[in-house]
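Have a look at the structure below before the remarks.
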Amino acid sequence: MMVRSKRFKPIVKLANNSEREAAKALGEALTHLNGCVQQLNQLFVYRQEYHQRLHDTGAQGMSAQDLNEYRNFIDKVDEAIENQEKVIEQARVHLEEKKQFWFAKRGRSKALDKVLDRYLEDESRQQERRLQKEQDDRAGQKSDLQ
């Protein structure tokens, strides 16, 4: 006959694997968010550099066409910044979803671990009682023989 703890171990193992997969997905979502934030920061730097170039070139004098080209390009960078901010917001929402999913999997895994621990403790106590009873029976048999 298989004891409860042995029957329960595959369930615990599946829950632990599921938690591990959820943690991996959470890590990937965090990495993605960090990459998106890094891209946004690069766009800010790029826009600042172009503003500086426009300022420096404008101080020396430039044609209206060149000025419009600079402004159009800066407008495109600003649009890219807005789009990247939306991407970051989506990545944050995705990260939060993955975090909640991981918390749920973690909670289930911890609960099943506790149940397994309780089963093992119960089985250990039962084994100790059996051994004690056997020792008592042997001791009783020896005293009957004397």
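The distance linking the stretch 86-146 with the stretch 4-65 is 38 Å (Cα centroid to Cα centroid, whole angstrom).
With the other protein chains left in place, how much accessible area per residue, in square angstrom, belongs to the stretch 27-146 at a 1.4 angstrom probe? Provide the component values of the computation, followed by the final result.
Details: 9270 Å² over 120 residues.
Per-residue accessible area for the stretch 27-146 comes out at 77 Å².
Convex hull of alpha carbon positions in the stretch 33-104: directionally averaged projected area 4.7 nm². Charge dipole (Cα centre; +1 on Lys/Arg Cβ, -1 on Asp/Glu Cβ; no other charges) of the chain amounts to roughly 1300 debye.
Between the helical axis of 64-145 and the longest alpha-carbon principal axis of the chain there is an angle of about 10 degrees.
Angle of helix 4-60 to the longest C-alpha principal axis of the chain, folded into 0 to 90 degrees and rounded to 10: 10°. Against the compact-protein benchmark of 2.2 N^0.38 Å, the Cα-based radius of gyration of the stretch 67-146 scales to 2.93.
Starting from the Cα gyration tensor of the stretch 1-65, multiply each eigenvalue by 5, take the square root, and state the resulting semi-axes largest first in whole Å.
Details: eigenvalues 759, 9, 3 Å².
So the three semi-axes of the stretch 1-65 are 62, 7, 4 Å.
Here the chain exposes an accessible surface that is 51 percent carbon and sulfur, computed with a 1.4 Å probe and the other protein chains kept in place. Projecting label points 7 angstrom from Cα along Cα→Cβ for ASP75 and GLN38 puts them 3.2 nm apart.
Over 18 Å, how big is the tail of the calculated P(r) for the chain, in percent of all Cα pairs? The calculated P(r) of the chain puts 75 percent of pairs beyond 18 Å.
The values are calculated or read from the model by the stated rules, or taken from the named source; none is laboratory data. Everything numeric in this text was worked out from a predicted model, so none of it was measured. All Cβ positions, even for glycine, are placed from backbone atoms using ideal geometry, and neighbour counts span all protein chains on display. Note: areas computed on protein heavy atoms with side chains; ligands, DNA, RNA excluded. Shrake-Rupley method; radii C 1.70, N 1.55, O 1.52, S 1.80 Å.
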